[in-house]
């Protein structure tokens, strides 16, 4: 069985690659999730990563309705901080 931290890291890399191709003008476009815009979907993904960081660090997590895009671009490596490498210990 693969280490789930490595799976999460690879999924983050794939997502970052896709998100890096989204222009600011596209953020208001509809997403495949019919009730969410592209921005809503990216925020959901970024907030999920920030919640993982909070769980690992013992800090409170973000408000699920918060908009992390102005402060933490989801393609920036810090948006995946707190996810230790496979075989590593949490920060």
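Throughout, read-outs are computed from the coordinates displayed, never taken from laboratory work. The structure displayed is predicted, hence computed values, not measured ones. Virtual Cβ from ideal backbone geometry, glycine too; neighbours counted across all protein chains shown.
Summary of values
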{"item": "Gain in span if fully extended, residue 57 to residue 22, counting 0.36 nm per residue against the direct Cα distance", "result": "9.6 nm"}
{"item": "Most to least packed among 55-61, 3-9, 36-42 [average Cβ atoms within 10 Å]", "result": "36-42, 3-9, 55-61"}
